[in-house]
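Asker: I have a structure here, written as structure tokens, and I will follow up with some questions on it.
The values are calculated or read from the model by the stated rules, or taken from the named source; none is laboratory data. In this text the structure is predicted, and so the values were computed from the model without any measurement. Because the Cβ atoms are built from the backbone with ideal geometry, glycine has one as well, and the counts that use them run over all protein chains shown.
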Amino acid sequence: MGTIRANRFRRILWVVIAGVVFAGDQVTKVVVEHSIPEHTTVPVLAHFLNLIDTKNAGAAFGLFSDSPAAWKTALLIVVSGLLLAMVFAVMWRSRQLHWVTGVGLALILGGALSNLFDRIRLGRVVDFVDVYCRSYHWPTFNLADSAIVVGAGLLVFQLLFLE
């Protein structure tokens, strides 16, 4: 009975983590859209970090954002939905996921759900974190993107060092 309770607790924890990522990402995007005019740069840490309200109609890191193809958004929604279904299935069907794997998948799930929600609702995603060094700027991203990257990093860490 203890294993069943532990598995139930882990799954509830993963849902909470995904929910916090989803809610946090949605709230930060609303705050940015209401407080920073589009394409206005707000310095946070000189020579390293700015906030900027940008819209990304493409995939990760702005890939395909300049494409005029009418099917682009629909394709991104379908691919995102399929990948989310796979992540959800792995989380729910696996009886003995290592806690690092579960947390990583929950972070990916929350971030991907939030970006998918934006694509379905708005046809685009709000990105606002601008990290840079001198004239090199990393592609602008958001909290959901960060959660996805951290989640993927946890999965890689688990595969390389905990197996």
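Asker: What is the one condition in (1) outside any helix (DSSP H, G or I); (2) at pLDDT 85 or above that residue 58 does not satisfy?
Answerer: So residue 58 meets the others, but not (2).
Asker: On to the next question. Select from region 105-119 the residues that are touching a Phe, Trp or Tyr at 6+ places or on another chain (Cβ under 6 Å) and among the small types (Gly, Ala, Ser) and write down the one among them that is nearest to residue 30 (Cα to Cα). Show your work before the answer.
Answerer: First pass over region 105-119, keeping only residues touching a Phe, Trp or Tyr at 6+ places or on another chain (Cβ under 6 Å): 106, 110, 113-114.
Of the ones still in play, those that are also among the small types (Gly, Ala, Ser) are 106, 110, 114.
Details: 106: 22, 110: 17, 114: 12 Å.
Among residues in region 105-119 that are touching a Phe, Trp or Tyr at 6+ places or on another chain (Cβ under 6 Å) and among the small types (Gly, Ala, Ser), the one nearest to residue 30 (Cα to Cα) is 114.
Asker: Which condition breaks for residue 116 when tested against (1) hydrophobic (A, V, I, L, M, F, W, C); (2) in contact (Cβ under 8 Å) with a residue 40 or more places away in the chain; (3) touching a Ser or Thr at 6+ places or on another chain (Cβ under 8 Å); (4) closer than 24 Å to residue 75 by Cβ?
Answerer: (2)
Asker: Applying the selection to region 119-139, what residues are among the aromatic types (Phe, Trp, Tyr), touching a residue at least 24 places away in the same chain (Cβ under 8 Å) and exposed (fewer than 15 other Cβ atoms within 10 Å of the Cβ)?
Answerer: Filtering region 119-139 for residues among the aromatic types (Phe, Trp, Tyr) gives 128, 132, 136, 138.
Now restrict to residues that are touching a residue at least 24 places away in the same chain (Cβ under 8 Å): 128, 132.
Passing the criteria: only 132.
Asker: Of all residues in region 19-47 being charged (D, E, K, R) and touching a residue at least 60 places away in the same chain (Cβ under 8 Å), which is surrounded by the fewest Cβ atoms within 10 Å (Cβ to Cβ)?
Answerer: 33
Asker: Given the structure, is residue 51 within 27 Å of residue 87 (Cα to Cα) and either of a type in the set (Lys, Arg) or within 21 Å of the chain's Cα centre (by Cα) (or both)?
Answerer: Numbers: within 27 Å of residue 87 (Cα to Cα): no; either of a type in the set (Lys, Arg) or within 21 Å of the chain's Cα centre (by Cα) (or both): yes.
For residue 51, the condition - within 27 Å of residue 87 (Cα to Cα) and either of a type in the set (Lys, Arg) or within 21 Å of the chain's Cα centre (by Cα) (or both) - is not met.
Asker: Report yes if some residue within region 122-134 is touching a helix residue (DSSP H, G or I) at 6+ places or on another chain (Cβ under 6 Å), closer than 16 Å to residue 21 by Cα and assigned to a helix (DSSP H, G or I); otherwise report no.
Answerer: No, the conditions are met nowhere in region 122-134.
Asker: If you don't mind, another one. Within region 97-110, identify whether any single residue is part of a helix (DSSP H, G or I), of a type in the set (S, T, N, Q) and closer than 15 Å to residue 11 by Cβ, and answer yes or no.
Answerer: Yes: one or more hits.
Asker: Something else about it: Mind checking which pairs have a first residue in region 143-163 that is loosely packed, with under 15 Cβ neighbours inside 10 Å and a second that is of a type outside the set (Phe, Trp, Tyr), Cβ under 8 Å, 6 or more apart or different chains?
Answerer: Within 8 Å, the pairs are 153/104; 157/100; 162/98; 162/100.
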